[in-house]
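Remarks on the structure that follows.
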Amino acid sequence: MKPFESFLAPKLEEFLAYRQNLGYALRTHRAHLLILDRYLREKNAGWQSLQPAFFLEMRANLKLGASSVNAILSATRTFFQFLVRRGYYKENLLRDIPHLKQNTIVPYILSADQTDQFLDAVCKRFHRTKGFFLKELASYTAMLLLTRCGMRIGEPLRLKTHHYRLDDATIYIERTKFYKDRLIPIPKCVVTQIENYLSVRKSLLRDDHSPYLLIQGNHRPLSDFQLRRLFHIALEDIGLEQPKRLIGNASFLQPTPHSFRHSFAVNTLLKIRERGESPQHALPVLAAYMGHSEYKYTSVYLRVSDAISRKNLVDFALWQIRKQ
C-alpha cells in the first residue's frame, strides 16, 4: 500500500482510520487522497499554502476527466470537514469550490434480441474440446448471470458453491459494491445452465475442492480479464462493438460487460410496460434485486427507452442536461 508523503500524511492516515472504524471501504477514498498528497508534494505546500485559491488551482491543473476531478474534490472536501471537526480549521476550505461540469452519460443498452445474439456468439466460440470445455462452459454461465440477472462483472466470479441454492432457485451475493448482501431468485434457464455446468465439472475434475462456483479445468476461478476479452470478441462477431461517442454534452458509452446490467434493468421495465403494468411500481423490487444503494439509481432507467432507437437515447441525454 503506497504511503502518504506530504506534510498532511499523519492527518490523512488519521482520517482514513476514522472512516474505517465507521465501516467505510477505503480503497477508492485512499486513491483519491493519494492524488491530493502528490499534488501537495509537487507544490511544496505547507499549512500556510492551503487557501481556497490553492484548491481552485489544483482543480484546474489536474490532468483528468471532469468526473475524476470531482471525485478527488469530494474526497478532499470530506477530509477537510474532518479537520474542521478536529479543530485544525474553523471552516472547510473547499466549502465554496464548485465541481466541474460533467458530460451527461448515456449507457450502452442492448435489446433483448441483441442479448440473445450475443449469447449465441459466445457459444459459437467454444472449442468443444476436453481441455477448454470446462472454462468455456463456466464463461458462458458467467455471461448468463450477467445478462439474465443483471449482475456486476465481479459478482459471478466471486460466487462460492454454497451461494447457489437449487432448492429455492436463488443465489446469495455477499458484500459486493457498497458492501451489501442480497439474495436473488434466478430464472429457470440460469438454474438449468448452472446444473449442466456442475454436472460437467463433476465428470471432468477429480479431487475438486475449489470453493468457487465457476472454475476452469485447472481448478482456478475465472478472471475478470477472461470475461472482458470474451465479451468484446463476441460483441465484434455480431457487429455491435463500437467506440465511445460524444454528441454535444452527452457521452454515449461504448459497450462493456456492465452494459448488460443496464440492459437487464431497461429490458425488465420494458417487459413490465408491455404487460400493461406500471414500471414505476416495480422500481423498489428492481432496486433491491440489483443491489442499488439508493432508489434514485434505479429510477434513471425509466428514462432510458428502447435500445434500438438512438433518438430516444438522445432525448434521454437532453433530459439529463435540462435536469442539471
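The values are calculated or read from the model by the stated rules, or taken from the named source; none is laboratory data. A quick note: this is a predicted structure, and the numbers were derived from the prediction, not measured. Quick reminder, even Gly has a Cβ in these numbers, built from the backbone with ideal geometry, and neighbours come from all protein chains shown. Quick note on the areas: whole protein, heavy atoms, side chains included, nothing else; ligands and nucleic acids left out. Shrake-Rupley method; radii C 1.70, N 1.55, O 1.52, S 1.80 Å.
Observations on the model:
- Residue ID - surrounded by the fewest Cβ atoms within 10 Å (Cβ to Cβ), chosen from residues in the stretch 211-225 that are farther than 22 Å from PHE260 by Cβ and touching a residue at least 40 places away in the same chain (Cβ under 8 Å): PRO211
- Taking the conditions (1) over 16 Å from ARG201 (Cβ atoms); (2) in contact (Cβ under 8 Å) with a residue 60 or more places away in the chain; (3) surrounded by fewer than 14 Cβ atoms within 10 Å (Cβ to Cβ) in turn, GLY150 satisfies each one other than (3).
- Residue within the stretch 226-246 that is open to solvent by 80 Å² or more (accessible area, probe 1.4 Å) and under 12 Å from ILE153 (Cα atoms) present: yes
- Tally, over the stretch 1-15, of residues that are modelled with pLDDT under 95 and under 18 Å from LEU40 (Cα atoms): 2
- Residue list for the stretch 112-132, filter: in contact with a Phe, Trp or Tyr (Cβ under 8 Å, 6 or more places away or on another chain), open to solvent by 60 Å² or more (accessible area, probe 1.4 Å) and either touching a residue at least 12 places away in the same chain (Cβ under 8 Å) or on the phi > 0 side of the Ramachandran plot (or both): PHE132
- Restricted to the stretch 160-187, and to residues there that are open to solvent by 70 Å² or more (accessible area, probe 1.4 Å) and touching a strand residue (DSSP E or B) at 6+ places or on another chain (Cβ under 9 Å), the residue that is modelled with the lowest pLDDT is LYS180.
- Within the stretch 238-265, the set of residues being modelled with pLDDT of 90 or more and hydrophobic (A, V, I, L, M, F, W, C) comprises ILE238, LEU240, PHE260, PHE264, ALA265.
- Exactly one residue out of VAL200, VAL190 is in contact with a strand residue (DSSP E or B) (Cβ under 9 Å, 6 or more places away or on another chain), surrounded by 13 or more Cβ atoms within 10 Å (Cβ to Cβ), of a type in the set (Val, Ile, Thr) and assigned to a helix (DSSP H, G or I), and it is VAL190.
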